[in-house]
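Beneath this line is the structure, given in structure tokens, with notes to follow.
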Amino acid sequence: MSDLLRLDKILSLAGITRTAARKIIAAGRVTVGDTVQRDPGFKTRITDVRVDGELPGAETEIHLMLNKPAGVITATEDKKLPTVVDLLPEKYQNRKIGPVGRLDRDVTGLVILTTDGEMAHRLISPRHKAEKRYRAICEGSLTQADADAFAAGIELSDFTALPAKLEILSSGESESTADVILTEGKFHQVKRMFIAIGHPLKSLSRLQIGGVTLDPALKEGEFRPLTESEIQNLRSY
Ligand code: URA
């Protein structure tokens, strides 16, 4: 009978990762009809399966914003270090959710996590021109010449950065603060651009991706689901 599928396959179709599916089944949290079923190969109909008494994957897509603290890596799993996914409750960790682009370990701020891999891909591709805004604190005094260099496209050892905006917010002798707006995100890109203009960074934080701004109510390490209008905005890229 073709409408019978393995339990692990059914959980996978509901967006639950293979590792999580195996654990959930072994823990006796999956029922088929009235019976707890611990065999991942057990074949049944999708409509008969419940996880913790509920239909699996009732929420189809998940989109969250997280205020990433320093020390956490932007990956779904790591053997040694805490990841952005580790900061989420189990119900999200069990889903195939991933970050949109990466922030370095020491960089803080906005990380969007989504189950929509295609949307994530569009948001990081320079072709779709979703701007990312970063707040940078750097050594020394920034001037208009630095903003002009960003606008012209800074030459790095292995590529030339696309034209970027540098909005200088304050410029002191020992330290300056500026917002940087880019549509690409190569490895250590912002740090390397500041080194190239002779103003190494002291700190970097991401404030915005596309039209979605980091919610000031979120403390570092906290997250919240995106609103409908934030999701619509991200889908528009
Ligand atoms: N640029 C960097 O150098 N690091 C980041 O994490 C993001 C942008």
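The values are calculated or read from the model by the stated rules, or taken from the named source; none is laboratory data. Quick caveat, the model's predicted, so the values are computed rather than measured. All Cβ positions, glycine included, derive from the backbone under ideal geometry; neighbour counts span all protein chains shown. For the accessible areas, the whole protein counts, side chains as well, though only heavy atoms, and no ligand, DNA or RNA atoms are used. Shrake-Rupley method; radii C 1.70, N 1.55, O 1.52, S 1.80 Å.
Remarks
- Residue within segment 159-172 that is in a strand (DSSP E or B), touching a Gly at 6+ places or on another chain (Cβ under 7 Å) and open to solvent by 60 Å² or more (accessible area, probe 1.4 Å) present: yes
- Selection within segment 1-44 - part of a strand (DSSP E or B) and of a type in the set (Ser, Thr, Tyr): Thr31, Thr35, Thr44
- Residue tally, condition polar (S, T, N, Q) and either loosely packed, with under 15 Cβ neighbours inside 10 Å or assigned to a loop (DSSP other than H, G, I, E, B) (or both), over segment 173-195: 2
- Being modelled with pLDDT under 95 and of a type in the set (D, E, K, R) is true of Lys91.
- Cβ-Cβ under 7 Å pairs, at least 6 apart or on other chains, segment 200-221 side on the phi > 0 side of the Ramachandran plot and touching a residue at least 24 places away in the same chain (Cβ under 8 Å), far side part of a loop (DSSP other than H, G, I, E, B) and open to solvent by 40 Å² or more (accessible area, probe 1.4 Å): Gly210/Glu131; Gly210/Tyr237
- The residues in segment 110-145 that are charged (D, E, K, R) and within 16 Å of the ligand (Cβ to nearest atom) can be counted, and the count is 5.
- The one condition in (1) within 16 Å of the ligand (Cβ to nearest atom); (2) open to solvent by 50 Å² or more (accessible area, probe 1.4 Å) that Thr213 fails to fulfil: (1)
- Selection count, segment 168-207, where residues are more than 22 Å from His128 (Cβ to Cβ) and either of a type in the set (Ser, Thr, Tyr) or away from the ligand (no atom under 12 Å from the Cβ) (or both): 17
- Test for His199: is it buried (at least 17 other Cβ atoms within 10 Å of the Cβ) and either under 16 Å from Ile154 (Cβ atoms) or of a type in the set (S, T, N, Q) (or both): yes
- In the set (1) more than 12 Å from the ligand (Cβ to nearest atom); (2) surrounded by fewer than 16 Cβ atoms within 10 Å (Cβ to Cβ); (3) among the hydrophobic types (A, V, I, L, M, F, W, C); (4) in contact (Cβ under 8 Å) with a residue 12 or more places away in the chain, the condition left unmet by Leu156 is number (1).
- If you go through segment 73-92 and keep only what is buried (at least 16 other Cβ atoms within 10 Å of the Cβ) and under 13 Å from Phe223 (Cα atoms), you end up with Val84, Val85, Leu87, Leu88, Tyr92.
- Test: residue in segment 94-109 that is out of contact with any strand residue (DSSP E or B) (no Cβ under 8 Å at 6 or more places or on another chain), more than 16 Å from the ligand (Cβ to nearest atom), more than 18 Å from Tyr237 (Cβ to Cβ) and open to solvent by 20 Å² or more (accessible area, probe 1.4 Å): no
- When Val30, Val36 are checked against the criterion of being over 30 Å from Arg102 (Cα atoms) and loosely packed, with under 14 Cβ neighbours inside 10 Å, a single residue qualifies: Val36.
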